[in-house]
1. State whether one or more residues within the range 337-346 are at pLDDT below 95 and aromatic (Phe, Trp, Tyr).
2. Would you check if HIS464 is buried (at least 22 other Cβ atoms within 10 Å of the Cβ), in a loop (DSSP other than H, G, I, E, B) and either in the same structural domain as LEU324 (by TED's automatic domain parsing) or of a type in the set (D, E, K, R) (or both)?
3. Those residues that are more than 19 Å from VAL430 (Cα to Cα) and either out of contact with any strand residue (DSSP E or B) (no Cβ under 8 Å at 6 or more places or on another chain) or among the aromatic types (Phe, Trp, Tyr) (or both), I need them from the range 377-399; list them, please.
4. Here is a list of conditions, (1) touching a Leu at 6+ places or on another chain (Cβ under 8 Å); (2) closer than 17 Å to ALA285 by Cβ, and LEU347 meets all of them except one; can you say which number that is?
5. Going by what's in this entry, would ASP434 be described as more than 24 Å from LEU170 (Cα to Cα), acidic (Asp, Glu) and modelled with pLDDT under 95?
6. Would you please name the residue that is nearest to ASP155 (Cα to Cα), looking only at residues in the range 194-212 that are among the small types (Gly, Ala, Ser) and part of a loop (DSSP other than H, G, I, E, B)?
7. Which residues, taken from the range 338-351, are out of contact with any Lys or Arg (no Cβ under 6 Å at 6 or more places or on another chain), closer than 18 Å to ASP307 by Cα and either not charged (D, E, K, R) or not in a strand (DSSP E or B) (or both)?
8. I'm trying to understand the selection: among the residues of the range 355-366, which are in contact with a strand residue (DSSP E or B) (Cβ under 7 Å, 6 or more places away or on another chain) and either surrounded by 15 or more Cβ atoms within 10 Å (Cβ to Cβ) or farther than 12 Å from THR344 by Cα (or both)?
Amino acid sequence: MPTESASCSTARQAKQKRKSHSLSIRRTNSSEQERTGLPRDMLEGQDSKLPSSVRSTLLELFGQIEREFENLYIENLELRREIDTLNERLAAEGQAIDGAELSKGQLKTKASHSTSQLPETETIQASTSKIVSSFKTTTSRAACQLVKEYIGHRDGIWDVSVARTQPVVLGTASADHTALLWSIETGKCLVKYAGHVGSVNSIKFHPSEQLALTASGDQTAHIWRYAVQLPTPQPVADTSISGEDEVECSDKDEPDLDGDVSSDCPTIRVPLTSLKSHQGVVIAADWLVGGKQAVTASWDRTANLYDVETSELVHSLTGHDQELTHCCTHPTQRLVVTSSRDTTFRLWDFRDPSIHSVNVFQGHTDTVTSAVFTVGDNVVSGSDDRTVKVWDLKNMRSPIATIRTDSAINRINVCVGQKIIALPHDNRQVRLFDMSGVRLARLPRSSRQGHRRMVCCSAWSEDHPVCNLFTCGFDRQAIGWNINIPALLQEK
């Protein structure tokens with residue numbers, strides 16, 4: 001008998017579903033007067049377990065939803081009539097507007113404005129499309145050529161830097177707890193530094209000696225000496241590609257990067273000096289002009305200034321409300337700029353030995369990922385709010401140029417000689433702009449070359465004859481580029 005009872009129950013449920021479906025169709029096609037006249041018990045169902053007050057509320061809400069859809073349906077009919085009228089008017093001129101295409105554009109935007117209950121997503125998308133398309137249609141003024149790939153790290157590369165003394169080498173800092181030095185010409189690993197026990201987040205070279213400064217997630221910054229001998233350079237194959245061409249790639253296109261090319265190069269495990277005053281991750285470090293002092297930036301919301309010879313803490317720079325993301329020093333003056341997740345960057349002035357001053361600048365709406373000095377009295381800041389801003393230190397109330405992009409910006413770098421800003425993005429793109437905000441080029445990215453993950457940092461090398469721009473990312477590789485901007489050079 002349980003089988004018969006279950007069969008009866010199933011039949012009764014199926015009957016009720018058919019009845020409910022029939023009522024739903026009648027409600028959809030009926031007018032407001034007909035709906036109000038239906039018996040409530042027919043609409044509620046015979047065996048509903050909901051309290052009557054809840055059922056009444058639900059029925060009222062469903063009625064409002066149905067009326068809203070009905071209003072939208074009527075508006076769509078009106079819009080369709082407008083399309084037909086426009087087509088009739090334009091037919092005499094030999095033009096026609098596709099109804100579906102128009103409804104997705106201008107007229108549908110109008111409908112979203114007229115219906116207060118609907119978000120204005122079409123308007124936002126249309127505006128975003130205009131911004132993005134403006135980037136795509138800009139004529140490239142730069143010839144961009146991929147010259148060399150530097151592959152050997154076992155995890156993402158956070159930072160890239162170029163030595164300022166001879167021999168000129170490339171340095172990379174990686175989440176695999178190591179920093180590597182590379183021959184720019186051959187792509188061969190020259191030195192491996194393995195003195196940190198955490199992610200190496202930053203690497204900077206001393207202005208006049210063969211010293212490197214690395215910052216790490218182990219809450220320290222290390223200063224270590226290297227001695228390298230460059231191998232004989234090999235001819236470089238021509239891998240040039242148009243700066244605007246792009247072919248999307250997938251994970252299966254990614255090369256196997258597990259080979260450890262640094263296993264046969266000299267390894268340094270002990271630093272000359274360890275700077276230990278932070279209580280959190282040290283995210284960046286840089287040399288102060290002259291190289292006798294170094295500054296570090298940490299997630300403990302402070303930046304520290306150290307004496308390099310004694311490793312003593314000279315100043316603790318406090319004031320940021322959230323974690324620091326970057327620090328940069330002026331090439332010729334005792335100035336430091338620090339950026340933070342608190343949407344600000346701060347300028348610290350140590351030119352007067354007896355007192356140091358600080359200025360706070362608020363120009364972004366999200367994390368300031370980096371702020372760097374350029375020639376003269378300019379500072380360029382990049383942010384997760386997808387903007388880059390150029391500031392004049394003499395008047396920091398408003399930026400002198402603003403660059404708006406379609407992706408968050410990571411550690412930027414400026415070519416001092418040509419005044420070109422290299423923007424590494426979360427979306428794997430690298431774009432070049434001049435100081436006035438005019439886009440010059442986008443670096444190539446295809447299934448065979450370019451970055452396949454987030455691009456973390458960029459660094460210019462103005463004196464190298466072949467590679468004058470380097471980028472690194474979380475695809476575990478650094479790339480050397482040759483950037484040539486003849487139009488800009490002619491203007492100079």
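The values are calculated or read from the model by the stated rules, or taken from the named source; none is laboratory data. Quick caveat, the model's predicted, so the values are computed rather than measured. Cβ coordinates were reconstructed from backbone atoms using ideal geometry, including for glycine residues, and neighbour counts include every protein chain displayed.
1. To start, the set of residues in the range 337-346 that are at pLDDT below 95 comprises none.
Within the range 337-346 (the criterion being at pLDDT below 95 and aromatic (Phe, Trp, Tyr)), the answer is no, since none of the residues qualifies.
2. Details: buried (at least 22 other Cβ atoms within 10 Å of the Cβ): no; in a loop (DSSP other than H, G, I, E, B): yes; either in the same structural domain as LEU324 (by TED's automatic domain parsing) or of a type in the set (D, E, K, R) (or both): yes.
So HIS464 does not fit the description; no.
3. Result: TRP391, LYS394, ASN395, ARG397, SER398.
4. For LEU347, the failing item is (2).
5. yes
6. That would be SER199.
7. TRP348
8. Within the range 355-366, HIS356, SER357, VAL358, PHE361, GLY363, HIS364 qualify.
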